Amino acid sequence: MEEPGTVYFTGTAGAGKTNLVHAFRAYLKTSGYDAIILNLDPGNESADLEPDVDIREWVQLPEVMAEHNLGPNGAQVAAADMIALKVFDVKQALSEFRSDYVLVDTPGQIELFAFRESSRAIVDALSGERSTIAFLFDPALARTPNGFVSLLLLSATVEFRFRLPTLNLLTKTDILEPARLEEILGWGEEPGRLYDAVTRETATPDLALSTELFRAMEALAPLAALLPTSARSGVGLEPLYRSLQQNFAGGEDLEPSHGPSEP
Ligand SMILES: Nc1nc2c(ncn2[C@@H]2O[C@H](COP(=O)(O)OP(=O)(O)OP(=O)(O)O)[C@@H](O)[C@H]2O)c(=O)[nH]1
Ligand SMILES: [Mg+2]
């Protein structure tokens with residue numbers, strides 16, 4: 001049995017991680033693939049969206065708060081370290097499913113996932129050969145040039161920290177007007193368009209600074225192409241599957257474990 005492909009869904013609080021993970025699992029299942037969800041967020045409150053393996057079985061935020069007399073943020077930090085100590089139990093629980101894919105829902109506080117050593121230990125322990133990060137761009141932030149650039153930098157930080165192939169996704173595209181969607185995707189396709197948008201938003205009279213800014217946009221360009229998705233409408237799930245397959249094992253396809261249709 002081949003190792004499962006592991007996909008870490010990360011992004012700013014409320015970016016749509018939990019909903020996308022569940023929509024993607026449903027898509028994979030109807031396409032004949034076994035996929036399970038690992039919830040790594042000890043504060044996850046999406047009661048109606050049940051993961052298959054849940055870190056809350058080992059670490060629960062309200063208990064950490066009560067036992068250590070911490071507020072929610074301090075408890076998240078302490079919990080991140082406790083999770084790292086449970087990672088082999090988590091790994092054992094995952095292996096019992098023998099699934100093709102493990103979709104990992106990560107904590108809403110991205111700085112916990114992106115900046116703490118404990119998350120790197122968790123990712124290192126859980127990741128096999130075929131692991132990818134899906135970084136989610138929330139349209140609420142990505143809709144301004146400034147927000148878009150900030151998310152690109154955050155995504156680059158996550159990639160730099162984990163050294164895993166990273167796919168950038170735009171979420172909730174169902175709420176975007178078509179023209180707005182096209183504009184945001186355009187910033188990702190053409191560094192010149194992003195530069196124009198950023199300078200329109202924050203005019204800089206300093207030519208040297210403008211040149212540097214343009215260089216920065218060009219340097220970010222390879223990361224900037226976004227895959228549009230929506231958990232609500234199902235847009236982008238098949239392209240997401242295809243991109244992941246390309247990231248895993250250089251595009252080699254997995255055989256569906258059951259079911260007829262090839263996605
Ligand atoms: N219209 C629309 N809303 C969405 C979509 N996905 C998520 N949402 C909404 O966005 C909000 C946040 O979604 P979640 O999936 O909980 O986001 P999250 O990143 O897991 O949030 P945290 O775990 O709290 O950081 C909820 O109100 C969802 O209903 C989508 O595809 N379309
Ligand atoms: Mg969530």
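The values are calculated or read from the model by the stated rules, or taken from the named source; none is laboratory data. Remember, it's a predicted structure, so these values are computed and weren't measured experimentally. Virtual Cβ from ideal backbone geometry, glycine too; neighbours counted across all protein chains shown.
Annotations for the structure displayed:
- Tabulated pairs, the range 1-14, first closer than 18 Å to SER95 by Cβ, second in a loop (DSSP other than H, G, I, E, B) and within 11 Å of ligand 2 (Cβ to nearest atom), C-beta under 7 angstrom, 6+ apart or interchain: TYR8/THR106
- For the range 1-39, a residue qualifies if it is in a loop (DSSP other than H, G, I, E, B) and either within 10 Å of ligand 2 (Cβ to nearest atom) or among the hydroxyl-bearing types (Ser, Thr, Tyr) (or both), and the qualifying residues are THR12, ALA13, GLY14, ALA15, GLY16, SER31, TYR33.
- If only residues of the range 41-56 that are surrounded by fewer than 23 Cβ atoms within 10 Å (Cβ to Cβ) and in contact (Cβ under 8 Å) with a residue 60 or more places away in the chain are counted, the one that is nearest to ligand 1 (Cβ to nearest atom) is ASN44.
- Test: residue in the range 115-127 that is within 16 Å of GLU2 (Cα to Cα) and either within 16 Å of ligand 1 (Cβ to nearest atom) or acidic (Asp, Glu) (or both): no
- Only listed residue being more than 24 Å from ALA84 (Cα to Cα), away from ligand 1 (no atom under 13 Å from the Cβ), at pLDDT 95 or above and not polar (S, T, N, Q), chosen from LEU38, LEU28: LEU28
- Restricting attention to the range 80-138, the residues that are of a type in the set (Gly, Ala, Ser) and within 18 Å of LEU151 (Cα to Cα) total 3.
- Residue pairs whose Cβ atoms lie under 8 Å apart, sitting 6 or more positions apart in sequence or on different chains, and linking a residue in the range 89-117 that is within 18 Å of PRO42 (Cβ to Cβ) to a partner that is modelled with pLDDT under 95 and of a type in the set (Lys, Arg), are ALA114/ARG161; PHE115/ARG161.
- In the range 1-22, residue farthest from THR173 (Cα to Cα) [restricted to those that are small (Gly, Ala, Ser) and surrounded by fewer than 22 Cβ atoms within 10 Å (Cβ to Cβ)]: ALA13
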